[in-house]
Amino acid sequence: MADSSAPVPQTLGESLRKNGVSRRGFLKFCAATASMMALPPSMAPAIAAALEKARRPSVIWLSFQECTGCTESLTRSFSPTVENLILDVISLDYHHTLQAAAGDAAEHAREQAMHDNEGEYLVVVDGSLPGPNANPGYSTIAGFSNLQMLEETIAGAAAIVAVGTCAAFGGLPKADPNPSGAVAVTDIVKDKPVINVSGCPPVPMVITGVLAQYLTFGSLPELDEYNRPLAFFGQSIHDRCYRRPFYDKGLFAETFDDEGAKKGWCLYRLGCKGPMAYNACATMKWNGGTSWPIEAGHPCLGCSEPDFWDAGGFYKALSVPTGDPGDVLLAAGVAGAAIGVGAGILGRRNSAAAKASHEKVTADELEQKL
Amino acid sequence: MTSMDFLLLTKGPLFQIAIAIFALGMLVRLVEIFALGRPHNYAAARGGQLIPGLKTVYKRFNPDPGTFKRAPFDVIVGIIWHIGFVVALLLFIPHIELIKSMFGVTWPGLPNPVVDAVTAITLFALLATLIHRLTHPVKKFLSTPEDYLIWTVTFLPVLTGYLAYHRLINPYPLALGLHILAAEIFLIVLPFTKLTHIFTAFVARWYNGAIFGRKGVQS
């Protein structure tokens with residue numbers, strides 16, 4: 001972390017060279033980042049130049065109601081990757097899981113970082129937090145409620161990155177019945193730019209991509225309706241899925257071990273939420289490009305979307321309604337049948353009454369009337 | 001409200017409301033018809049009722065030659081879009097999954113491109129029926145606001161389904177939500193308009209055939 005015993009490299013370029021990253025490897029990363037962000041390849045040298053000179057931004061990482069899965073995802077790599085080094089060279093001044101300090105010293109590091117980098121530091125939030133109307137006791141750190149800590153920390157922040165579906169949309173803590181009154185970061189933060197990097201957990205490359213964008217352009221990326229960077233969340237899993245041709249042909253796996261599953265057919269009928277999920281899994285994959293859930297034969301859960309926990313069963317097709325209409329249907333059917341019988345009896349009565357009150361006239365009577 | 005909130009609303013509470021209104025309304029209409037019954041026939045029966053009734057249910061699918069000569073457009077385009085609508089409704093895999101989840105029954109579906117083509121034809125046929133209705137003097141004179149209402153509630157689920165399948169509305173939860181909403185409006189409107197013919201047409205045909213069957217004549 002931000003220890004001051006060794007001379008700390010001031011720019012990203014220096015730091016990368018110190019860590020033995022070749023110029024070639026660095027440029028390859030820049031080209032990949034450019035293509036990831038849907039920029040023309042000619043932008044790669046510009047990214048490289050900007051990143052070379054970029055100063056280490058101070059990052060304060062707040063962990064609230066979360067499972068640490070996002071941190072696991074972001075720090076997990078099989079060899080020292082450029083992503084890893086980017087994380088090393090940002091000045092990660094406060095992070096529960098990764099920092100050595102504890103107790104007052106840890107909180108002091110946060111206050112120090114806020115003070116030294118007033119108006120310039122980035123706040124990364126991981127996890128949802130009990131909202132203003134909820135009992136703050138559901139989640140506290142060093143005697144502060146999550147809400148207090150968030151409001152205090154973002155006061156001098158340049159921008160906030162909400163990492164993971166819990167921070168971005170409330171996630172699992174907010175799932176019905178939401179016992180802790182959990183809310184998302186955007187429910188609290190209204191006057192600062194917030195970037196949502198959703199996913200349970202998010203793809204590691206997406207967070208480094210967002211940081212690279214910020215370091216390169218000094219600005220935040222273009223966002224979608226959920227404040228997610230369009231470069232990574234612009235396309236749905238379905239549109240980029242390698243199993244899409246099977247959907248188009250109407251070839252579906254119906255169980256996890258049938259012929260279709262073995263042949264790698266579409267997982268729609270097994271509950272795949274790929275058509276409604278916007279994320280980069282299908283193109284970037286996981287574990288260094290090894291595989292991703294659908295390639296492993298499991299339907300997409302749609303974990304990058306708000307309320308995905310409550311959006312119907314994970315193994316029910318997307319077209320299946322979320323509730324169980326059984327009781328409603330039965331009650332409506334019984335009521336309908338009863339009203340129908342009533343209306344029928346009423347009709348018969350009316351008909352009988354009309355017959356009974358029918359007065360017969362003779363031809364003579366009619367002639368008299370004329 | 002985000003697009004996801006909208007999708008969850010249409011898939012959850014709105015669907016329950018729509019299906020309840022549909023079931024209640026349709027049962028009221030059908031049970032009333034059956035409860036009214038028919039006057040007792042004192043003449044001796046000359047034949048059965050069940051088989052001739054069922055035969056007529058099937059036979060009325062064939063257009064009567066006179067009608068075809070007088071109004072070929074109505075017969076041809078009418079048959080095309082009715083078949084298209086039923087194929088898209090009952091043989092598209094996501095619809096089969098929905099029916100399976102609700103009633104536990106299932107059947108094989110058609111490949112998506114086939115349903116897609118059928119849907120496109122249905123859309124054109126439905127548009128043609130509207131244009132014909134608006135341009136044909138007699139049809140225009142006879143059309144009531146209800147006719148335009150049921151055309152709209154029939155057209156919208158097909159159109160939104162086509163748009164959702166081709167992902168022409170973004171984001172997708174909005175596209176799917178709109179399609180489900182259109183289908184829910186169709187379900188709610190159905191029992192209270194002439195769309196009830198979806199069920200009553202078969203009842204009427206059966207009665208027709210049964211009456212003739214009892215008299216011992218062909219229908």
Count, please, the residues in the range A:309-341 that happen to be part of a helix (DSSP H, G or I) and without any contact (Cβ under 8 Å) to a residue 12 or more places away in the chain.
16
Flagged in the range A:138-153 as open to solvent by 70 Å² or more (accessible area, probe 1.4 Å) and in a strand (DSSP E or B), in numbering order, are A:THR140
Just one listed residue, out of A:ALA182, A:ALA162, is within 12 Å of A:PHE64 (Cα to Cα), in contact with a Lys or Arg (Cβ under 6 Å, 6 or more places away or on another chain), open to solvent by less than 10 Å² (accessible area, probe 1.4 Å) and at pLDDT 90 or above, and it is A:ALA182
Scope the range B:189-198; condition within 17 Å of B:VAL57 (Cα to Cα) and surrounded by fewer than 16 Cβ atoms within 10 Å (Cβ to Cβ); matching residues:
B:HIS197, B:ILE198
Given the conditions (1) open to solvent by 20 Å² or more (accessible area, probe 1.4 Å); (2) more than 10 Å from chain B (Cβ to nearest Cβ); (3) touching a Leu at 6+ places or on another chain (Cβ under 7 Å), and given that A:CYS303 satisfies all but one, which numbered condition is not satisfied?
(3)
Mind checking which pairs have a first residue in the range A:134-160 that is closer than 23 Å to A:GLU120 by Cβ and a second that is acidic (Asp, Glu) and not in a helix (DSSP H, G or I), Cβ under 7 Å, 6 or more apart or different chains?
A:GLY156/A:GLU118; A:ALA158/A:GLU120
Looking only at the range B:46-78, which residues are hydrophobic (A, V, I, L, M, F, W, C), under 25 Å from B:ALA210 (Cβ atoms), modelled with pLDDT of 90 or more and open to solvent by 40 Å² or more (accessible area, probe 1.4 Å)?
B:LEU50, B:ILE51, B:LEU54
Quick check on A:LYS316: is it outside the structural domain of A:PRO202 (by TED's automatic domain parsing), open to solvent by 50 Å² or more (accessible area, probe 1.4 Å) and under 23 Å from B:ALA183 (Cβ atoms)?
yes
Surrounded by 19 or more Cβ atoms within 10 Å (Cβ to Cβ), out of contact with any Leu (no Cβ under 8 Å at 6 or more places or on another chain) and outside the structural domain of A:ARG244 (by TED's automatic domain parsing): does that describe A:PRO325?
yes
For B:LYS194: the one exception among (1) within 14 Å of chain A (Cβ to nearest Cβ); (2) under 15 Å from the mean Cα position of the chain (by Cα); (3) among the basic types (Lys, Arg)
(1)
Condition met for A:THR33 (surrounded by fewer than 16 Cβ atoms within 10 Å (Cβ to Cβ) and either β-branched (Val, Ile, Thr) or free of Cβ contacts under 8 Å to residues at least 60 places away in the same chain (or both)):
no
Can you tell me which residue among A:ARG228, A:ARG243 is surrounded by 20 or more Cβ atoms within 10 Å (Cβ to Cβ), in the same structural domain as A:TRP286 (by TED's automatic domain parsing) and touching a residue at least 12 places away in the same chain (Cβ under 8 Å)?
A:ARG243
Taking the range A:74-109 only, how many residues are part of a loop (DSSP other than H, G, I, E, B), open to solvent by 30 Å² or more (accessible area, probe 1.4 Å) and modelled with pLDDT of 75 or more?
6
If I ask for residues that are polar (S, T, N, Q) and without any contact (Cβ under 8 Å) to a residue 60 or more places away in the chain, which ones from the range A:164-212 would you list?
A:ASN178, A:THR186, A:ASN196
If I filter the range B:80-122 down to residues being open to solvent by 70 Å² or more (accessible area, probe 1.4 Å), farther than 19 Å from A:TYR247 by Cα and among the hydrophobic types (A, V, I, L, M, F, W, C), which single residue comes out as nearest to the other protein chains (Cβ to nearest Cβ)?
B:PHE103
What do you reckon, is A:GLN112 assigned by TED's automatic domain parsing to the domain that holds A:ILE207, assigned to a helix (DSSP H, G or I) and modelled with pLDDT under 95?
yes
On the basis of being open to solvent by 40 Å² or more (accessible area, probe 1.4 Å) and charged (D, E, K, R), does A:ASP191 make the cut?
yes
Name the single residue that is most open to solvent (accessible area, probe 1.4 Å) among those in the range A:280-300 being within 26 Å of A:ASP258 (Cα to Cα) and β-branched (Val, Ile, Thr).
A:THR290
I need every pair where a residue in the range A:116-130 that is within 14 Å of A:TRP61 (Cα to Cα) and not assigned by TED's automatic domain parsing to the domain that holds A:ALA167 has its Cβ under 8 Å from the Cβ of a residue that is outside any strand (DSSP E or B) and aliphatic (A, V, I, L, M), sequence separation at least 6 or different chains.
none
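The values are calculated or read from the model by the stated rules, or taken from the named source; none is laboratory data. Fair warning: this is a prediction, and the values are worked out from it, not measured in the lab. Cβ atoms come from the backbone with ideal geometry, glycine included; neighbour counts cover every protein chain shown. The accessibility values were calculated without ligands, DNA or RNA, using every heavy atom of the protein model including side chains. Shrake-Rupley method; radii C 1.70, N 1.55, O 1.52, S 1.80 Å.
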